[in-house]
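Structure first, commentary second.
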Amino acid sequence: MTATPDRAGLVDQDRRPPNTIPVTINNQTVQLPEREMTGLEIKQAAAAQGLPIDPGFQLSVKHGHRYDIVGNPDTVHIHRNLDFLAVAPDDNS
């Protein structure tokens, strides 16, 4: 019995591991699916994975010893060990 081309293609796709990149957001590991994402896409991905954040939060990414703000339309090159902080707009800390 031979597999049809459609079935063979499906099997090949099923065997491929998803390409995700682990990053940290608010001290929790989040898997991001792309190499470049906007600030909004990063927050949406984190929320979809159960982090209690929403698009209104302020997102920052750690560079050295400081955090730089990432706006919703800003693009971030995603790589391992990125550390993000997402803060609610009414948090005065």
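The figures follow:
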quantity	calculated
Residue in the range 35-45 that is within 13 Å of the chain's Cα centre (by Cα), part of a strand (DSSP E or B) and either over 15 Å from Thr20 (Cα atoms) or touching a residue at least 60 places away in the same chain (Cβ under 8 Å) (or both) present	yes
When residues of the range 50-93 are limited to those that are without any contact (Cβ under 8 Å) to a residue 40 or more places away in the chain and small (Gly, Ala, Ser), the one surrounded by the most Cβ atoms within 10 Å (Cβ to Cβ)	Ser60
Conditions (1) assigned to a loop (DSSP other than H, G, I, E, B); (2) at pLDDT below 95: number failed by Gly9	(1)
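The values are calculated or read from the model by the stated rules, or taken from the named source; none is laboratory data. Just so it is clear, the structure is predicted and the values come from calculations on it, not from any experiment. All Cβ positions, glycine included, derive from the backbone under ideal geometry; neighbour counts span all protein chains shown.
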